[in-house]
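Structure record follows, encoded as structure tokens.
The values are calculated or read from the model by the stated rules, or taken from the named source; none is laboratory data. On a predicted model such as this, the values are computed, not experimentally measured, just so you know. Areas reflect the complete protein model, heavy atoms only, side chains present, ligands, DNA and RNA absent. Shrake-Rupley method; radii C 1.70, N 1.55, O 1.52, S 1.80 Å.
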Amino acid sequence: MAAGPSGVGPEPPRRAGKVSASEVSRAIRDDIIRGVHPPGSRLAEEALSARYGVSRVPVREALRTLEAEGFVRSRPYAGVVVAELDDAEAEDLLEIRARLEPLGAGRAAARRTPEQLGRLKELLLLAEDALTAGRLAELARLNSRFHEVLAQASGSQTLSQLVTQLSWKIAWVYAIELPRRAEDSWREHAEIVQALEAADPERASAVVARHISQAQKAYRRRDTGPAARVEDSET
């Protein structure tokens, strides 16, 4: 199956045994975010079955899931195609994120476990290594995982589920077009971890709010030319 949204790579390896529809959904979703399946492109069941090494049954179920999530759309006579994000939907997602994640960060500062804090620190180190080595394509996946762990640390299963679902769409928004701000973004992530380590809910909430605000500003200033693509994406 496909790896996380870390840049266009080789065709996913075939896996022996039964593969669930949720695994196929994740693989197709990651490839949509990475740009392997660009907006407007047709997703034929037969081609997807061959790519992911599964039968058409889990592919069909996966496409229904992705349609419910808004990643694909069914069109009469055209089949299933990758959806296209417009600015209005992107702004809606960004506004929801700006209201939801600071709440979660404040709770996380009071409720995070040592294991969750350690995982966030590990993600910081992985991102630092990727930045140093110039492996920018890895950062979108690490970024999504950072925000998912941060939401889990809030101790609210509902909030965690909402942020995880939101993070998939946010990763897609930022993977389409965004100027480079990877170093600044991960410095802000480090500040978030510091606030959680200090068990300071107000500071954690404020730092996350500022982080999201900076990402929103970067998106709105984005270059609409081909230079700002997946390799530049980072939130």
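Some notes on this structure:
- The range 68-143 shape via C-alpha gyration tensor axes, a/c threshold 1.5: oblate
- Distribution of pairwise C-alpha distances over the range 131-213, 5 Å bins, in %: 3, 13, 22, 27, 20, 11, 4, 0
- Think of a 1.4 Å ball rolled over the protein heavy atoms: the range 57-118 then has 54 Å² of accessible area per residue.
- Area of L48 that stays accessible when all protein chains are in place (1.4 Å probe, Å², to 10): 10
- Largest-first principal axis extents of the Cα set of the range 31-164 (Å): 52, 34, 30
- The range 12-157 - percent of accessible surface contributed by carbon and sulfur, probe 1.4 Å: 51
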